[in-house]
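The values are calculated or read from the model by the stated rules, or taken from the named source; none is laboratory data. In this text the structure is predicted, and so the values were computed from the model without any measurement. Neighbour counts run over all protein chains shown; Cβ positions are idealised from the backbone, glycine included.
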Amino acid sequence: MRGRKAFTTSAGDFPTIENYVGATPLVRLQRLPGNTTNTILAKLEGNNPAGSVKDRPALNMINEAERRGDLTPGDTLIEATSGNTGIALAMAAAIKGYKMKLIMPSNMSEERRASMAAYGAELISVPPGAMEIARDMAQEMAADGQGVVLDQFGNLDNPAAHFEGTGPEIWSQTGGQVTHFISSMGTTGTIMGNSRYLKGQNPEIEIIGLQPSEGASIPGIRRWPKEYLPRIFDEKRVDRVMNIGQLEAEETMRAMARTEGIFAGVSSGGAIAGALRLSEEVENATIVAIVCDRGDRYLSTGVFSAKESPAPTDPEGFWMAVTRLMGLPNLYVLFTSDLDPESGRAWCPDCARAEPAVERALEEHPDATLLVCRVGPRPAWKDPQHPLRVDPNLQVSCIPTLVQWGIDTPMQNRCLGDKLEECGSEDEVYRLVTDFM
């Protein structure tokens, strides 16, 4: 047409989806850290195309296998996975034109399974939690000629993706100010690659790995038997290992969504919980934690809709426990005595009378959450320097004390203390607490 200049472009001038793996945001947590001199930063790996940190090694393992000539067009890839690597490999295989067979425990979330299938992968189930069986099956299928195993657990191209990508990004995004790096440990590729790069820039950076506490089942984090420990793992690259409980990880995950607007999965909750714990120990630190995926792939498990039922805490863990419950609309804290080992009831008679009545009153309010803080045995509580007595933000003077948490009014206007002590029966406590609520 007259007056218009014609532009011509070739297909190669435009990026493909592969070009958008990596370069993820690093954001500062604003509310969860509380009053601290530390900066806690979250690396949002859910912003990768397939929604997790595993996009990086998945693509790198395939690209490097192609470069070495280990893959040919039309090959079938086989991999054992607990979820995120499977989704990432299914995406990468779709990009590259390979068939994909994924072996995974049957208890993985429906969203994860549906995502893999959407990318065209064939799914093979093993019993719940049986990643060792899945790994053995993958090797057996490869030995039978059914395909090629990339082996995320032993493939050095896995940590290399982080040495070449994630680590340099963190160093650049923090202006070289990072002092601590925290990551959940599953295949361990993320922590191995980042440790190698960051320690190469500054050997003083502390590398902290997270593993589940005994009995916890957190997708993406494993406590491997020695014979199944990933071959890419080098314990010398990890300065410290933290155990993370399932409840702590899930509570922190929900708090991230409520108070920071970061919608992530359970292992990411574990990573941020670890960062918050660490922040209690250090000063003037820049702590980077890997938020490895998005929360939408866990919705069907009910983990976001579950009513908060926090475990009782003690004075030492109180602030961490209450931080994980931030943002709940009706949070109550009951400061009470420890349980007598013989009777199983609170050693303080007033507390023994108040506890069941408070719990009964709160049961009538489905939107209410109760955190119980046990102050310790009698000699500890009678000490005038008890931490709950001298904490300027608390100054708990008697037990039992019930506090409606998070309302911006003076402590004495939002708590029941002396009045609870004066009650002569459970029914009297119940009526008092009902009126208070």
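Considering (1) part of a strand (DSSP E or B); (2) more than 16 Å from the chain's Cα centre (by Cα), the lone condition that Val288 does not fulfil carries the number (2). The single residue among Gly86, Gly74, Gly69 that is under 14 Å from Ala134 (Cβ atoms), out of contact with any Pro (no Cβ under 9 Å at 6 or more places or on another chain) and assigned by TED's automatic domain parsing to the domain that holds Met137 turns out to be Gly86. Inside segment 242-269, residues that are of a type in the set (S, T, N, Q) and more than 15 Å from Val303 (Cα to Cα) make up a count of 2. Go through segment 195-211 and count every residue that is buried (at least 24 other Cβ atoms within 10 Å of the Cβ) and either within 16 Å of Ser82 (Cβ to Cβ) or more than 18 Å from the chain's Cα centre (by Cα) (or both). Within segment 195-211, residues that are buried (at least 24 other Cβ atoms within 10 Å of the Cβ) and either within 16 Å of Ser82 (Cβ to Cβ) or more than 18 Å from the chain's Cα centre (by Cα) (or both) number 3. The criterion of at least 3 residues that are assigned by TED's automatic domain parsing to the domain that holds Glu248 and free of Cβ contacts under 8 Å to residues at least 40 places away in the same chain is met, among strands (runs of 3 or more DSSP E) falling completely within segment 117-224, by 206-212. When segment 333-347 is filtered for residues that are out of contact with any Ser or Thr (no Cβ under 7 Å at 6 or more places or on another chain) and either crowded, with 16+ Cβ neighbours inside 10 Å or of a type in the set (Gly, Ala, Ser) (or both), the ones remaining, listed by number, are Val333, Leu334, Thr336, Ser337, Asp338, Leu339, Ser343, Gly344. A residue that is in a helix (DSSP H, G or I) and closer than 30 Å to Thr252 by Cβ occurs somewhere in segment 34-46. Which residues, taken from segment 314-332, are touching a helix residue (DSSP H, G or I) at 6+ places or on another chain (Cβ under 6 Å) and surrounded by fewer than 21 Cβ atoms within 10 Å (Cβ to Cβ)? Within segment 314-332, Pro315, Met326, Gly327 qualify.
Listed conditions (1) buried (at least 19 other Cβ atoms within 10 Å of the Cβ); (2) touching a helix residue (DSSP H, G or I) at 6+ places or on another chain (Cβ under 6 Å) are all met by Arg374, apart from (2).
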